[in-house]
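**Student:** Please find one structure pasted underneath; my questions will follow.
The values are calculated or read from the model by the stated rules, or taken from the named source; none is laboratory data. Not measured: the values here are computed from a predicted model. Note: ideal-geometry Cβ built from the backbone for every residue, glycine included; neighbour counts use all protein chains shown. The area values use the complete protein model at the heavy-atom level, side chains included, leaving out ligands, DNA and RNA. Shrake-Rupley method; radii C 1.70, N 1.55, O 1.52, S 1.80 Å.
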Amino acid sequence: MRIAVAGGTGMLGSAASAALEARGHDVRVLSRHSAFPVDLSTGEGLTAALEGCDVVVDASNGRSAKAARAVLVDGSRRLLEAETAAGVAHHVVISIVGCDRVPSFAYYQAKVAQEGVVRSGSVPWTILRATQFHPFLDALFSNAARLGIRPSAAVPVAPVDVRDVADTIADVVEEGPVVGEAGGRTLQVVGPEVTTLRDLGRIRTALTGRGRAPVRIPLWGGALRAASGGALVDESADFRGVRTYEAWLKETSAKAARP
Ligand SMILES: NC(=O)c1ccc[n+]([C@@H]2O[C@H](COP(=O)([O-])OP(=O)(O)OC[C@H]3O[C@@H](n4cnc5c(N)ncnc54)[C@H](OP(=O)(O)O)[C@@H]3O)[C@@H](O)[C@H]2O)c1
């Protein structure tokens, strides 16, 4: 298949592009800085980039609340409009497990709105919700470790390896859309185990020696309360990754130590 990966230069997008290429597909990497330049916040470049594509995987991102609206929500509208014109048969978008259960977080509001745009569009769709990626949670700890501390809230999480999500994307693409009455389906991919931020912090400190002072995150705000109540994990997932945070951390540390 010819597959366009929007956000194909990003953390997940580059892994998804590699996984799809490894299975013999013709992959087009779309981003503002790629061979197929597109800007989802304006729609520029989309018509040319999608010509002849069978599937679109949307792994784009906008990290601030404003960028999330422009790229994820309005960008999805622009992307789907261009897909309809190009005759794309399957739109696969990456969302977040529990984004609808943490409504007070602006970025998650944008993810819920993005899902809504995809569900109401006319291109057959798959929404693949994933839990937090290892490097994302690790950045939380490494930023805190610079101050010698580690966040130690008992927030349940099920971190997943980006390569496991990428393989799942390739499976979903090859399986094709399941249209039904809704026009598509929502699936979930999670990490191999449910743990807590507190336990991940302990593992990181034991391995790296950094961030020795545990600091309790006060449970203020709806977002943290919802996350502490288990909003970010789901035991009934459709796909389960195999690589743990600890294994990823050991692999990453070994790579960094190599001369
Ligand atoms: N990180 C996590 O833990 C996590 C967990 C679950 C789900 N997700 C979801 O996974 C998706 C990918 O996340 P990520 O962390 O891999 O993202 P990322 O590394 O920040 O990559 C973002 C990608 O989007 C592209 N992009 C940004 N603005 C653009 C624009 N205006 N037009 C076109 N392309 C644009 C970037 O390329 P250019 O800068 O070259 O344009 C880049 O390729 C997101 O939807 C996120 O919500 C992430």
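**Student:** For the chain, what is the accessible area per residue in Å², given a 1.4 Å probe and the full set of protein chains?
**Tutor:** 46 Å²
**Student:** If you filter segment 35-121 for trypsin sites (Lys or Arg not before Pro), then keep DSSP loop positions with at most 16 other Cβ within 10 Å, what is left?
**Tutor:** In loop regions of segment 35-121 (DSSP not H, G, I, E or B), the sparsely surrounded trypsin sites (Lys or Arg not before Pro) are ARG63.
**Student:** Pull out a ≥ b ≥ c, the square roots of the eigenvalues of the alpha-carbon gyration tensor of segment 126-259, then state rounded if a/c is under 1.5, prolate if not and a/b is larger than b/c, and oblate in the remaining case.
**Tutor:** Working: a/c = 3.05, a/b = 1.52, b/c = 2.01.
Cα axes put segment 126-259 in the oblate bin.
**Student:** Quick one: accessible surface of HIS25, probe radius 1.4 Å, all protein chains present, in square angstrom to the nearest 10.
**Tutor:** The value for HIS25 is about 30 Å².
**Student:** From Cα coordinates alone, what are the radius of gyration and Dmax values for segment 104-185 in angstrom?
**Tutor:** Final numbers for Rg and Dmax: 16.9, 53 Å.
**Student:** Could you give the spread of the C-alpha atoms of segment 5-142 along their three principal axes, from largest to smallest, in whole angstroms?
**Tutor:** The Cα atoms of segment 5-142 stretch 41, 31, 24 Å along their principal axes.
**Student:** If you don't mind, another one. Using a probe of 1.4 angstrom, how much of the accessible area of segment 101-259 is carbon and sulfur, in percent?
**Tutor:** Here it works out to 57 percent.
**Student:** Can you list the equivalent-ellipsoid semi-axes of the chain, largest first and in whole Å, using the square root of 5 times each Cα gyration tensor eigenvalue?
**Tutor:** Ellipsoid half-lengths, sorted descending, are 32, 20, 17 Å.
**Student:** Sticking with this one: Taking loop as defined by DSSP and a crowding limit of 16 other beta carbons within 10 Å, which trypsin sites (Lys or Arg not before Pro) in segment 180-230 fit?
**Tutor:** Answer by residue number: ARG210, ARG212, ARG216.
**Student:** For the full complex of protein chains and a 1.4 angstrom probe, list GLU235, GLU21 by accessible area with the highest value first.
**Tutor:** GLU235, GLU21
**Student:** Write down Rg/Rh for segment 152-218, rounded to two decimals, with Rg from the C-alpha atoms and Rh from the Kirkwood relation over Cα pairs.
**Tutor:** 1.19
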